[in-house]
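The values are calculated or read from the model by the stated rules, or taken from the named source; none is laboratory data. In this text the structure is predicted, and so the values were computed from the model without any measurement. Using ideal geometry, Cβ is built from the backbone for each residue, glycine included, and neighbour counts are taken over all protein chains shown. Ligands, DNA and RNA are excluded from the accessible area calculation, which covers all protein heavy atoms including side chains. Shrake-Rupley method; radii C 1.70, N 1.55, O 1.52, S 1.80 Å.
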Amino acid sequence: MIVDIIPETKTVNGSGVFNYKVPEELIDDIKTGSIVMMPFGKRRIRGVVAKVQSSRFKVQNENLKLKNIEKIQEKFRISESYIEIAKWISEYYLCSLGEAISLFLPPDIRNPRKLKTFCCKLSASKKLNPLTTDQKIIFEKLAENLQTKKKKPACRQARPALIYGVTGSGKTEIYLHLAKKTIEMGKSVILLVPEIVLTPQNIERFEEIFSQEVVLMHSGLSKSEKYYCYRSFSSGKKKIIVGPRSALLVPNENIGLIIIDEEQEESYKQEQNPRYDAVTLAEKIAEKVDAQLVTGTATPRIETFYKAKNGQYDLLTLSGRYNLLTLPATEVVDLRDEIKRENYSPISERLQLGLADVLKKKEQALLFLNRRGMSTFISCRDCGFVLNCDCCEIPMIYHLGQTGNYLVCHHCEKKGTVPLKCPKCGSFRIKYFGSGVEKIELEIARLFPKARIKRVDAKVLKNHSDYKKFYQDFKNRKFDIVIGTQILAKGFDIPGVSLVGIVSADVGLHMPYFRAAEKIFRLITQVSGRSGRRAKPGQTIIQTYWPNSSAIKFAAKHDFVGFYNEEIKKRLSKNYPPKAHVIRVLSEHRIQSTAREHIEKLASELTKHHLDFIGPGACFFQRLNNRYRYQIIIKVKEIPDKNISLLFSQFSSLVWDVDALNLL
């Protein structure tokens, strides 16, 4: 017997499918989708049987001696639906078929064991909260889709749905009711969250309601734990899998519902091959297994909202906050006026008054600045020299440490000492420019010496345990003022927070990136939504030097639709998504001329094929980790595109990122 096998590895040429012989003792057990161990070159690797050939099949090269597969490694198989999805990933995201199929394979461990301590110890399941009138309308619409799929799966393919609702509007309650309905129908549920550590409340609610039906999948698990998650959900033993984008990759033919919470988050895009986007991939999986896809957010991607406005998604709107709560009142402070008043503190007079009022009322405040460290760069006042990272050619960031202050590169993590004098001219006139959260922490301590202050960023909250402890401490009012980066923008609901202060809304606003305004609008909206989530009305104070920018202007009014209407005109006029797909092609090399030469050759070929592209040119971060970087941005109307596929096969050594989010 001869079988076609997709090896779990990158292959450069050909279809990515290889012929192997099946030993007599395995013939009865081998099936399409079987996961096997096989020799491949000098290695032993896993592969997936793509097809079992008929007895009449003959290999093209009769002189070629076929190798035998060694054993069938797993009891469960990859279904034909998921093999087809892998082929689509390979074509769409420009990667080998082996890389694509590897996404759906279980962790490779020799002795998988059931883990006694892995499942959460939960009390009896709690009851669902009743839905509001608006929530009920949305639930009934989606429940009808689920019921239709059950009765006549082949007759009607329901569209994906976007639940668009302001922060605190109660999207999670709809998710819970839909999950319950799906399980009652005998189907399974996938809930994707941006990051497990940043969305504790959603996960807690699912565990409370569904108890032992839930399995959590995330990067912090061991291989054995991941294997247990995979096996539990794939087999149907667990009905709900919750996790980041990796939870989508556990094959299950019985999926009835896929939920993507906070669908706008960039963490749904993988930055290594295969560079898939979980939202786009979820659309394909839902289509193949006939599941209902539901996405939810207060700040949809421009592309997703465009699809909803044009009938590719059902647009379902929650207009107000849950339990009739009001959105926080927002005030914009023009920092140019602070300079005129000779207030050189990073905290405006208005924000200082707001914080004083919060402390007086024994409430809580949150200050947001999307910049780690003490100062953003160090420069010599005499010669202008800026201290850059030797490996990355970007400024070293000044940090405070318990054992001494230091410099660090936020890209390669290289550390250095703080210079006493300029390395170039020897001057002692060294100046620390810019503000990070560490400087804000010191300033707040100076302004409010009796306040209980906590700074949180990636350096402080290193894992799930750190985040959970911080979350409980903040909820239990152990801190009056919390200062942090974008880690504060997502996922938590603190009843005592009545004031949010955005120290600088301008960070990242002027980056050379067509999504810059969208990203700033999203961050401001999300952070602002952390206040006033209980009976007390909330307030947000936004500090900026550019109060008239569209992102800040519309975010202050909680007006996504207004921002979208202005932003979509710019996108369509410039042939950016959603009008076209963007493919970033990156050339990296330790020798600068070599990196540039490779990208220039591709540019020449793109011109011959009359393709629309920007570049070639140096990346915004021209050198990272001692590698020079050049790029081209290609715009194409449809993917897959035969010309792009051809060029990818010729220039596969370059990095190809379809629907790229990172263009810097």
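Of all residues in segment 346-360 being part of a helix (DSSP H, G or I) and open to solvent by less than 40 Å² (accessible area, probe 1.4 Å), which is farthest from LYS475 (Cα to Cα)?
From segment 346-360, those part of a helix (DSSP H, G or I) are 349-360; that's our starting set.
Right, trim to open to solvent by less than 40 Å² (accessible area, probe 1.4 Å) and you get 351, 354-355, 358.
Details: LEU351: 22, GLY354: 20, LEU355: 18, VAL358: 16 Å.
Checked segment 346-360; the qualifying residue farthest from LYS475 (Cα to Cα) is LEU351.
Take segment 475-488 and flag every residue that is at pLDDT below 85 and open to solvent by 20 Å² or more (accessible area, probe 1.4 Å).
Matches in segment 475-488: GLN486, ILE487.
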| task | Kindly check whether there is at least one residue in segment 627-642 that is at pLDDT below 95, surrounded by fewer than 19 Cβ atoms within 10 Å (Cβ to Cβ), hydrophobic (A, V, I, L, M, F, W, C) and in contact with a strand residue (DSSP E or B) (Cβ under 6 Å, 6 or more places away or on another chain). | result | yes
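Looking at segment 361-414 only, could you name the residues that are of a type in the set (Val, Ile, Thr), part of a loop (DSSP other than H, G, I, E, B) and in contact with a strand residue (DSSP E or B) (Cβ under 9 Å, 6 or more places away or on another chain)?
Step one: filter segment 361-414 for residues of a type in the set (Val, Ile, Thr), giving 376, 378, 386, 394, 397, 403, 408.
Going one step further and asking which of them are part of a loop (DSSP other than H, G, I, E, B), we end up with 376, 394, 403.
The answer is THR376, ILE394.
Can you tell me how many residues in segment 431-452 are closer than 17 Å to VAL507 by Cα and open to solvent by 50 Å² or more (accessible area, probe 1.4 Å)? Outline the logic, then answer.
In the first step, residues of segment 431-452 are kept if they are closer than 17 Å to VAL507 by Cα; the result is 433-440.
Now narrow it down to the ones that are open to solvent by 50 Å² or more (accessible area, probe 1.4 Å): 433, 439.
Going through segment 431-452 one residue at a time, the tally reaches 2.
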| From the options SER587, SER645, residue that is in contact with a helix residue (DSSP H, G or I) (Cβ under 9 Å, 6 or more places away or on another chain), assigned to a helix (DSSP H, G or I), among the small types (Gly, Ala, Ser) and in contact (Cβ under 8 Å) with a residue 24 or more places away in the chain | SER645
| request: Give me the pairs, please: first residue somewhere in segment 262-284 and under 19 Å from PRO640 (Cβ atoms), second residue anywhere and among the polar types (S, T, N, Q) and in a helix (DSSP H, G or I), beta-carbon distance under 7 Å, and either six or more positions apart or on two chains. | output: none
| field | Inter-residue pairs, beta-carbon under 7 Å, first over 20 Å from ARG372 (Cα atoms) and surrounded by 15 or more Cβ atoms within 10 Å (Cβ to Cβ) and in segment 460-474, second aliphatic (A, V, I, L, M) and at pLDDT 85 or above, 6+ apart | value | PHE474/VAL482
| note | Conditions (1) within 28 Å of ALA278 (Cα to Cα); (2) open to solvent by 90 Å² or more (accessible area, probe 1.4 Å); (3) without any contact (Cβ under 8 Å) to a residue 24 or more places away in the chain -> GLU80 fails only (3)
| Scope segment 193-232; condition small (Gly, Ala, Ser) and more than 17 Å from TYR467 (Cα to Cα); matching residues | SER211, SER222, SER224, SER232
| note | Pairing a residue in segment 21-39 that is over 18 Å from ALA50 (Cβ atoms) with any residue that is open to solvent by 30 Å² or more (accessible area, probe 1.4 Å), where Cβ atoms lie under 6 Å and the two sit 6 or more apart in sequence or on different chains, gives PRO23/ASN68
| remark: For LEU248, the lone unmet condition from (1) under 22 Å from ILE35 (Cα atoms); (2) outside any loop (DSSP other than H, G, I, E, B); (3) modelled with pLDDT under 95 is (3)
| request: Can you tell me which residue among VAL17, VAL12 is under 24 Å from SER90 (Cβ atoms) and modelled with pLDDT under 90? | output: VAL12
| Can you name every residue in segment 583-594 that is among the small types (Gly, Ala, Ser) and within 9 Å of GLN631 (Cα to Cα)? | SER587
| query | Taking the condition crowded, with 18+ Cβ neighbours inside 10 Å, modelled with pLDDT under 80 and out of contact with any helix residue (DSSP H, G or I) (no Cβ under 7 Å at 6 or more places or on another chain), does LYS116 pass? | reply | no
| request: Evaluate the following for GLN622: is it of a type outside the set (D, E, K, R), at pLDDT below 95, within 27 Å of the chain's Cα centre (by Cα) and assigned to a strand (DSSP E or B)? | output: yes
| remark: Residue count, segment 278-316, condition assigned to a helix (DSSP H, G or I) and β-branched (Val, Ile, Thr), comes to 6
| note | In segment 606-660, anything basic (Lys, Arg) and closer than 27 Å to LYS284 by Cβ is listed as LYS635, LYS637, LYS642
| query | Within segment 508-522, restricting attention to residues that are buried (at least 22 other Cβ atoms within 10 Å of the Cβ) and hydrophobic (A, V, I, L, M, F, W, C), which residue is farthest from VAL332 (Cα to Cα)? | reply | ALA517
| task | Give the number of residues within segment 416-452 that are closer than 15 Å to ASP480 by Cβ and β-branched (Val, Ile, Thr). | result | 2
| note | Counting only residues that are in contact with a strand residue (DSSP E or B) (Cβ under 9 Å, 6 or more places away or on another chain) and either part of a loop (DSSP other than H, G, I, E, B) or among the polar types (S, T, N, Q) (or both), segment 508-528 contains a total of 6
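Could you identify the single residue in ARG205, ARG275, ARG231 that is under 21 Å from ALA100 (Cα atoms) and outside any loop (DSSP other than H, G, I, E, B)? Quick ask: steps written out before the conclusion?
Working: ARG205 fails: under 21 Å from ALA100 (Cα atoms); ARG275 fails: outside any loop (DSSP other than H, G, I, E, B).
Testing whether each residue is under 21 Å from ALA100 (Cα atoms) and outside any loop (DSSP other than H, G, I, E, B) leaves just ARG231.
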| remark: Here the qualifying pairs (Cβ atoms under 7 Å; residues six or more apart or on different chains; first in segment 169-189 and in contact (Cβ under 8 Å) with a residue 12 or more places away in the chain and in a loop (DSSP other than H, G, I, E, B); second surrounded by fewer than 22 Cβ atoms within 10 Å (Cβ to Cβ) and among the charged types (D, E, K, R)) come out as SER169/ARG321; MET185/LYS150
| message | Being in contact (Cβ under 8 Å) with a residue 60 or more places away in the chain and open to solvent by 30 Å² or more (accessible area, probe 1.4 Å) is the filter here; which residues of segment 235-258 pass it? | response | SER235, GLU253, ASN254
